1. What residues qualify as long-range amide H neighbours of V57, i.e. H under 5 Å apart, gap of 5 or more or another chain, H built at 1.01 Å from N?
2. What's the ranking of 89-98, 54-63, 126-135, 10-19 by average number of surrounding C-beta atoms within 10 Å, highest first?
3. Expressed as a whole number of Å, what is the distance separating the alpha-carbon centroids of segment 31-107 and segment 108-144?
4. When the Karplus curve 6.51 cos²θ - 1.76 cosθ + 1.60 is applied with θ = phi - 60°, which whole-Hz ³J(HN,Hα) does each residue of segment 46-59 get, with x for Gly and Pro?
5. Per the helix-only calculation at 222 nm, which mean residue ellipticity applies to the chain, given -39500 (n - 2.57) for every DSSP H run of n ≥ 4 and division by its residues, nearest 500 deg cm²/dmol?
6. In whole Å, largest first, what are the principal axis extents of the Cα atoms in segment 9-142?
7. Can you tell me how segment 48-98 classifies by the Cα gyration tensor, rounded, prolate or oblate, using a/c under 1.5 as the rounded cut?
8. Between I30 and L63, what is the label-point separation in nm under the 7 Å Cα-to-beta-carbon projection?
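FYI, it's all coordinate maths here, none of it is from the lab. Quick caveat: nothing in here was measured; it's all calculated off a predicted structure. Cβ placement follows ideal geometry from the backbone for every residue including glycine, while neighbour counts extend to all protein chains displayed.
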Amino acid sequence: MAQAIPMTLDELLEEFDELQDWEERCDLLIDLGFELPPFPEEFRTDEHLVRGCQSLVWLVTNLVHQDGVDRVEILADSDAMIVRGLIAVLLAVFSGRTPQEILSTDVEKLFDRMGLNQHLSSTRRNGLHGMVRRIREFASAHAA
């Protein structure tokens, strides 16, 4: 079920650090959105919609047991290109991590470093935080 992550978190942060202005960072987000694999149609249901998003966002979380460790896999999609890029960011941050790692990640610090909190519209920020909330709720329910 896991969605391929276009790049690692370290690679993503390095890319964002190298870009000088928000327009370049926005272009990177759009490019990342194009790299997401197709989202299975059977998950495009109300059950998987993320509330609070301006655009349509579907998010599916799953716990997989891998190498003796439970890891969270995330599958997501949106009808908006910039949001697809934000999904790619969330996959780099959270997908394949343990529930405990997800809960201990300072996502606000990462978003500040990438300029997401400063430059996204309030509705996009609300949607981004809605996705983070869903992922953290799932991780919290499965943390040992």
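1. Sorted by chain and number, the residues that satisfy this are V50.
2. On the way: 89-98: 21.3, 54-63: 17.8, 126-135: 19.8, 10-19: 13.8.
For the peptides 89-98, 54-63, 126-135, 10-19, the packing ranking is 89-98, 126-135, 54-63, 10-19.
3. After rounding, the separation between the Cα centres reads 11 Å.
4. 4, 4, 9, 5, 8, 6, x, 8, 5, 9, 6, 9, 10, 9
5. -16000 deg cm²/dmol
6. 41, 30, 24
7. Prolate is the answer for segment 48-98, as a/c is 1.5 or above and a/b outweighs b/c.
8. 4.0 nm
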